[in-house]
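Notes follow the structure.
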Amino acid sequence: MRRVCLPEIGTFDAWRNEARALLGAGVPPEAVLWSRGEAEADLFSEPLPTPEGAPVSVSKGFVELARLVVWHRDPERFARLYALLWALRGERHLLEDRGDARVDRLRKMAKDVSRDRHKMTAFVRFREIDAPGANRRRFAAWFEPTHPILELAAPFFASRFGDMDWSIFTPDLSAHFEAGTLRFAPAVGRPEIGEDEAEELWRTYFRNIFNPARLKVEAMQAEMPQKYWRNLPEAALIPELIAGAQARAEEMARAAPTLPPLRAERILARAAAVPAGRDGFVEALHGCRRCPLWDGATQAVPGEGPPDARLMIVGEQPGDQEDLQGRPFVGSAGQLFDAVAARVGLRREQAYVTNAVKHFKFTPRGRRRLHQAPNAGEIQQCRWWLDLERERLRPALILAMGGTAAESLTGSRARLGVRRGSVERLEDGTPVLLTWHPSYLLRLPDAQRGAAEAGFEADLRQTALWLRELPRQESEEGGAAPRAMRSPRDI
Ligand code: URA
């Protein structure tokens, strides 16, 4: 058995060198025991000389994955990486196999690390410390990341705060940036770092930017998990600000100038129609943990389309391609939709296209990921995002494709077979036209598909007609229904 003990500083380079040499020397994964630093090292282990091996070429994709995974806290991370590297020799495309459990596990670990790095860049708070006689200002911070990611994250701080000297202390390691040079040193425990003058300023700033009228506690906690609070000077304010939010929002509303209702309505509608991404919607969605689906998915898929679209199209959930590309309806269902829409003069660019559920739900089957329908709880949790999108867009018409979209929007699970082609109204009066989901049409046997597709086409034609008839002004004046709002069944 070969025992490889990696250093606590420079772990990635050391792992890469060892792995290359072991691979070159043909040492199989089961013959290697990996550890890092003294804490992980086996007491009886004696580092053996590194075997000489032929140079090994490794794909860029694997190196990128390894660069993140080595910083995961899982003690098996090095072994898992090496096992994959070993397997890649025989299966060159293994890394693209989303159904492979080993690849899937490592990708999730990489995602954890990358998320942790993101949190660290957001939540490290430096405090100025006295450095007698120094000609550069000096700062220090204590931070407790979930994974030992300091080496990975420190270059960000070096480029962002290159004009000052600083140290970041973590339970695993410390980083020091002095006169433009970054170095790492062993952990020294949590040093005493007192409050500085900027602290009160920062708290005042936070108090001022906190908008009680826009408070979404769950989104805020998803973005700023409580485990980080103890090291954030502003966090002490959060419970107090949340508790007082409703009263402050009411006070703000009372103090606001009164506007004639119609104008206020229009202004609100415009403010709500901010394109996704501009005000943190997309970022918040990517941090969504409202249900467990985020865990298996590559990413959340937000809706896309013009911020003033009058038509909103709602599907079920992203499929395999949408999950990989991060955009709705780019796979075969989207292609069928585009083809039928083109026949009736409807263009996707006219609409805001989104899904009832924002993460891909699937079961791995060999190399494939098989679609699984979201359950009622998942639909319910994700409705929060769909409602937000509706609130921002205020569409004049919604096209709900498939049972999941219908359930999410109307709350009714009644069979789509008896509702298709009809219009139902939401509580705020928005009309929803119910139709088949294009994936359902793709799954039908040829003998049944013709009739079903004809119904789908009729619904899209009706949608296109409404869009043409709908004077723009009507949608601006509070989402009034199209004048000729009849069900296609009435025609
Ligand atoms: N099916 C959906 O419901 N949505 C997509 O984005 C893709 C397939």
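The values are calculated or read from the model by the stated rules, or taken from the named source; none is laboratory data. Model, not experiment: these values are computed from the prediction. Positions of Cβ are backbone-derived with ideal geometry, glycine not excepted, and every protein chain shown enters the neighbour counts. We work out accessible area using only protein heavy atoms, side chains counted, and drop any ligands, DNA or RNA first. Shrake-Rupley method; radii C 1.70, N 1.55, O 1.52, S 1.80 Å.
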Enumerated helices (runs of 4 or more DSSP H) restricted to region 1-115, each holding at least 1 residues that are surrounded by fewer than 14 Cβ atoms within 10 Å (Cβ to Cβ), in the same structural domain as Gln299 (by TED's automatic domain parsing) and at pLDDT below 85: none
Tabulated pairs, region 230-255, first open to solvent by 60 Å² or more (accessible area, probe 1.4 Å), second at pLDDT 70 or above, C-beta under 9 angstrom, 6+ apart or interchain: Arg230/Glu144; Ala236/Trp229; Arg248/Leu241
Filtered residues of region 267-294 (kept if among the β-branched types (Val, Ile, Thr) and modelled with pLDDT of 80 or more): Val282
Number of positions in region 158-208 that are at pLDDT 80 or above, of a type in the set (A, V, I, L, M, F, W, C), under 32 Å from the mean Cα position of the chain (by Cα) and open to solvent by 90 Å² or more (accessible area, probe 1.4 Å): 0
Elements of type strands (runs of 3 or more DSSP E) contained in region 340-402, each with 2 or more residues being over 21 Å from the mean Cα position of the chain (by Cα) and within 12 Å of the ligand (Cβ to nearest atom): 397-401
Matching residues, region 408-425, being buried (at least 20 other Cβ atoms within 10 Å of the Cβ) and either closer than 14 Å to Thr354 by Cβ or within 28 Å of the chain's Cα centre (by Cα) (or both): Ser408, Leu409
Qualifying residue in region 404-420 (condition: closer than 25 Å to Ala339 by Cβ, touching a residue at least 12 places away in the same chain (Cβ under 8 Å), more than 14 Å from the ligand (Cβ to nearest atom) and assigned by TED's automatic domain parsing to the domain that holds Asp308): yes
Flag for Ala405 being open to solvent by 50 Å² or more (accessible area, probe 1.4 Å), in a helix (DSSP H, G or I) and of a type outside the set (Val, Ile, Thr): no
Any chance Ala464 is at pLDDT below 95 and in a helix (DSSP H, G or I): yes
Subset tally (residues that are surrounded by fewer than 22 Cβ atoms within 10 Å (Cβ to Cβ), near the ligand (Cβ under 10 Å from one of its atoms) and within 12 Å of the chain's Cα centre (by Cα)) for region 289-339: 0
Within region 421-446, tally of residues that are away from the ligand (no atom under 16 Å from the Cβ) and in a loop (DSSP other than H, G, I, E, B): 8
